[in-house]
Amino acid sequence: MIDINQLNEKFKIEGVLTFKKLKNNLICLVVSNQYADATISLYGAQITSFRPKKEVEILWLSPMSYYEEGKAIRGGIPVCFPWFGPHKSDPAKPQHGFGRLMYWELMEVTENTHGETQIRLELTSSEITKAYWPYEFFAEMTFTIGKTLKVTLKVTNTSPIQFDYSCALHTYFNLSAIEDITIEGLKGTRYYKNGEPGEFIQESSKLKIHQVEDRHYYDTSATCFIEDPKFRRKIMVAKSGSKTTTVWNPGAANCHKTSDMPNEAYRRFVCIEAVNSLNDTVCITPGESHETSAVIGLKE
Ligand code: TA6
């Protein structure tokens, strides 16, 4: 069991970083620096809140989220790894992999010369991870809390053979209302819709969400923007090391069926995800690493 006193002794930065307990003794790290406030759960290495000073929260977190081992926290940025979506051959294995269902070890907390706070967590392969996925690996999640939030998943192959994995930084963005927002940055990009045959192309420069959407845009490294007129802001979603961008909203009917979301939650968030999946899975040889990053902030 992780000891909150030991964490505080080792990592606490007076006035900037401390730890607190969530439900069921899950521990999170709380950052408050000159730029922003943020909360990161050690379970799942999942950031659940990022709020630049004097701004409305950028990440959406379900008020009905489970904080229970074996279940993913609903909201923030769940880390999907080492597969995205259902497992290819074994539906009994957890959707979106085991990364979001494991305790990650906090390794390092630093402040850089600009006063941004950097946090690094690690997950190393073990008998538990090998029961799901047979390879040896070393995964790191790094968060930089500044005016923007930078999140990186770095995976290193420590196996004697090459492996493939898929992953996502499955970011839930907090909205005033889904019907009022538009998403820019995907015009001219091909995509497929989950559960529908065929390929589509994004015709309009402004994507509006009117219903359930589960779109996977191919071959795109583009920065997206969420324009939210009621919150009077444009959220920037940049990324690197990922060529697939997923846009997901469950719509009213699926939202009602999802036990860890209020019925109206679909109006309050959209996911825009930096993904490596489909024709963009990552193949790394022994000793090789790959980084998938997202940078999130407000357009000035
Ligand atoms: O990224 C989109 C998606 O794969 C959807 O198909 C949807 O099911 C969503 O993720 C949420 O998955 P979860 O397992 O967190 O309920």
Exercise for review: Could you look through the stretch 200-239, keep only residues that are among the basic types (Lys, Arg) and under 24 Å from Glu300 (Cα atoms), and pick out the one that is surrounded by the most Cβ atoms within 10 Å (Cβ to Cβ)?
Suggested key: Lys239
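Let's see how each residue does on (1) at negative phi; (2) basic (Lys, Arg); (3) within 16 Å of the ligand (Cβ to nearest atom):
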position	(1), (2), (3)
Arg232	no, yes, no
Ala238	yes, no, no
Lys243	yes, yes, yes
Tyr266	yes, no, yes
Ile272	yes, no, yes
Ser277	yes, no, yes
Ile284	yes, no, no
Gly287	no, no, no
Ile296	yes, no, no
Exercise for review: State the number of residues belonging to the stretch 259-287 that are within 23 Å of Ala222 (Cβ to Cβ), among the acidic types (Asp, Glu) and open to solvent by 20 Å² or more (accessible area, probe 1.4 Å).
Suggested key: 1
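Residues are listed down the side, and each one gets a yes or a no for (1) among the hydrophobic types (A, V, I, L, M, F, W, C); (2) over 28 Å from Ala139 (Cβ atoms):
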residue: Lys208; (1), (2): no, yes
residue: Arg215; (1), (2): no, no
residue: Thr220; (1), (2): no, no
residue: Ala238; (1), (2): yes, no
residue: Ser259; (1), (2): no, yes
residue: Tyr266; (1), (2): no, yes
residue: Asn276; (1), (2): no, no
residue: Thr292; (1), (2): no, no
Check your understanding: Before we move on, is Arg120 under 14 Å from Pro78 (Cα atoms) and surrounded by 14 or more Cβ atoms within 10 Å (Cβ to Cβ)?
Key -> no
Revision key, fill the gap. Checked pairs for the stretch 236-265, first of a type outside the set (A, V, I, L, M), second open to solvent by less than 30 Å² (accessible area, probe 1.4 Å) and at pLDDT below 95, C-beta under 6 Å and 6 or more apart or across chains, list as Lys243/Asp280; Thr244/Asp280
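Within the group Asp228, Asp214, Asp280, Asp219, which residue is modelled with pLDDT of 95 or more and within 18 Å of His96 (Cα to Cα)?
Working: Asp228 fails: within 18 Å of His96 (Cα to Cα); Asp280 fails: modelled with pLDDT of 95 or more; Asp219 fails: within 18 Å of His96 (Cα to Cα).
Only one candidate passes the filter, namely Asp214.
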Review point. Restricting attention to the stretch 166-195, and to residues there that are more than 14 Å from Met236 (Cα to Cα) and away from the ligand (no atom under 16 Å from the Cβ), which single residue is farthest from the chain's Cα centre (by Cα)?
Key: Gly188
Study note, to complete from the structure: Turns out the strands (runs of 3 or more DSSP E) fully within the stretch 66-165 with at least 2 residues that are away from the ligand (no atom under 15 Å from the Cβ), at pLDDT below 95 and under 22 Å from Val247 (Cα atoms) are none
Practice item. Just need a number here: residues in the stretch 50-65 that are under 16 Å from Ser32 (Cβ atoms) and part of a loop (DSSP other than H, G, I, E, B). Key: 5
Review point. Can you tell me which residues in the stretch 167-199 are charged (D, E, K, R) and surrounded by fewer than 16 Cβ atoms within 10 Å (Cβ to Cβ)?
Key: Glu179, Asp180, Lys187, Arg190, Lys193, Glu196, Glu199
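The values are calculated or read from the model by the stated rules, or taken from the named source; none is laboratory data. Since this is a predicted model, take the numbers as computed values, not measurements. Don't worry about glycine lacking a Cβ; one is built from the backbone with ideal geometry, like all the others, and counts go over all protein chains shown. Accessible surface is based on the protein model in full, side chains and every heavy atom, while ligands, DNA and RNA are left aside. Shrake-Rupley method; radii C 1.70, N 1.55, O 1.52, S 1.80 Å.
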